[in-house]
1. Can you confirm whether region 28-35 contains a residue that is acidic (Asp, Glu) and not in a loop (DSSP other than H, G, I, E, B)?
2. Considering every residue within region 150-161, establish whether at least one is closer than 27 Å to Ser45 by Cβ and open to solvent by 20 Å² or more (accessible area, probe 1.4 Å).
3. Condition test on Val73, is it closer than 30 Å to Ser134 by Cβ and touching a helix residue (DSSP H, G or I) at 6+ places or on another chain (Cβ under 7 Å)?
4. Kindly list, by first and then second residue, each pair from a residue in region 97-122 that is in a helix (DSSP H, G or I) to a residue that is charged (D, E, K, R), limited to pairs with Cβ atoms under 7 Å and residues at least 6 apart or on different chains.
5. So, in region 126-145, exactly how many residues are open to solvent by 60 Å² or more (accessible area, probe 1.4 Å) and either in contact with a helix residue (DSSP H, G or I) (Cβ under 7 Å, 6 or more places away or on another chain) or within 12 Å of the ligand (Cβ to nearest atom) (or both)?
6. Counting only residues that are part of a loop (DSSP other than H, G, I, E, B) and more than 13 Å from Ala14 (Cβ to Cβ), how many does region 47-93 have?
7. If you check Arg105 against the conditions, is it open to solvent by 60 Å² or more (accessible area, probe 1.4 Å), away from the ligand (no atom under 12 Å from the Cβ) and modelled with pLDDT of 95 or more?
8. Could you tell me whether region 64-80 includes any residue that is closer than 22 Å to Leu93 by Cβ, within 16 Å of the ligand (Cβ to nearest atom) and buried (at least 21 other Cβ atoms within 10 Å of the Cβ)?
Amino acid sequence: MKKQTKKHRIAILASGSGSNAGKFISYFRDHQTISVVLVVSNNASAFVLQRAANAGVPSVVLPRQAWEEKKKVLALFDSYQVNTIVLAGYMRLLPPWMTERYSGRIFNIHPALLPDFGGKGMYGMHVHRAVIESGVRRSGITVHLVNERYDEGPILFQKQIDVLPGDTPETLSKKIKQLEHENYPRVVEEYLGALPLIRQY
Ligand code: GRF
């Protein structure tokens with residue numbers, strides 16, 4: 001039997017375009033201890049599936065009802081020996097049996113400085129609009145561990161940028177997306193580097 005190398009094996013969960021997912025796939029392509037082994041979307045028409053296909057990464061669509069079958073979902077993750085989850089624009093809350101099982105190994109990125117501008121309904125342009133409307137002078141990105149509530153897990157990393165007088169939700173969104181791409185894979189790499197390499201759950 002082929003010996004299974006121990007690695008951090010990432011499943012990326014994404015609902016939309018997947019530009020962050022794309023960055024993860026390229027960043028970890030030839031990495032010694034970390035690989036992206038699966039892309040999961042709840043949305044069959046999400047562009048992230050196309051990105052995965054182009055990069056040769058297996059993908060699967062798990063719509064809302066599929067998550068009701070706990071055993072099947074876990075068997076799927078186990079069949080790819082997933083031991084780490086990266087949320088990258090994933091629009092649904094993970095069930096508690098996922099957050100418990102992968103506790104400490106599920107990451108999310110939020111396009112603002114949590115705990116402000118987070119929580120249910122705070123995603124995408126809603127966040128940037130709220131930031132601009134509030135008049136705050138700084139926004140940024142937050143990488144955090146995921147628990148069973150939206151945007152509430154321990155914060156691992158934040159980076160701030162100035163909100164300039166002429167900024168609109170659109171200009172802010174562009175700058176923040178850029179920051180995400182530059183930092184998210186690197187922060188996850190650094191954090192995983194401090195965790196033991198395991199075979200699977
Ligand atoms: C990102 O802005 C991230 O902060 C949020 O969802 C967005 C996903 O964008 N959680 P993309 O699909 O990676 O382009």
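The values are calculated or read from the model by the stated rules, or taken from the named source; none is laboratory data. As the structure is a prediction and not an experimental result, all values here were calculated from the model. Backbone-built Cβ (ideal geometry, glycine too); neighbour counts: all protein chains shown. Heavy atoms of the whole protein, side chains included, go into the accessibility calculation; ligands, DNA and RNA do not. Shrake-Rupley method; radii C 1.70, N 1.55, O 1.52, S 1.80 Å.
1. Checking region 28-35: not a single residue is acidic (Asp, Glu) and not in a loop (DSSP other than H, G, I, E, B).
2. At the first step, the residues of region 150-161 found to be closer than 27 Å to Ser45 by Cβ are 150-151.
Of the ones still in play, those that are also open to solvent by 20 Å² or more (accessible area, probe 1.4 Å) are 150-151.
Yes, region 150-161 contains a residue that is closer than 27 Å to Ser45 by Cβ and open to solvent by 20 Å² or more (accessible area, probe 1.4 Å).
3. Values: closer than 30 Å to Ser134 by Cβ: no; touching a helix residue (DSSP H, G or I) at 6+ places or on another chain (Cβ under 7 Å): yes.
Taking the combined requirement at face value, the residue does not satisfy it.
4. If the second residue must be charged (D, E, K, R), the pairs left are Trp97/Lys70; Thr99/Glu148.
5. So the count comes out to 2.
6. 9
7. Values: open to solvent by 60 Å² or more (accessible area, probe 1.4 Å): no; away from the ligand (no atom under 12 Å from the Cβ): yes; modelled with pLDDT of 95 or more: yes.
Spelling it out, it is not the case that Arg105 is open to solvent by 60 Å² or more (accessible area, probe 1.4 Å), away from the ligand (no atom under 12 Å from the Cβ) and modelled with pLDDT of 95 or more.
8. no
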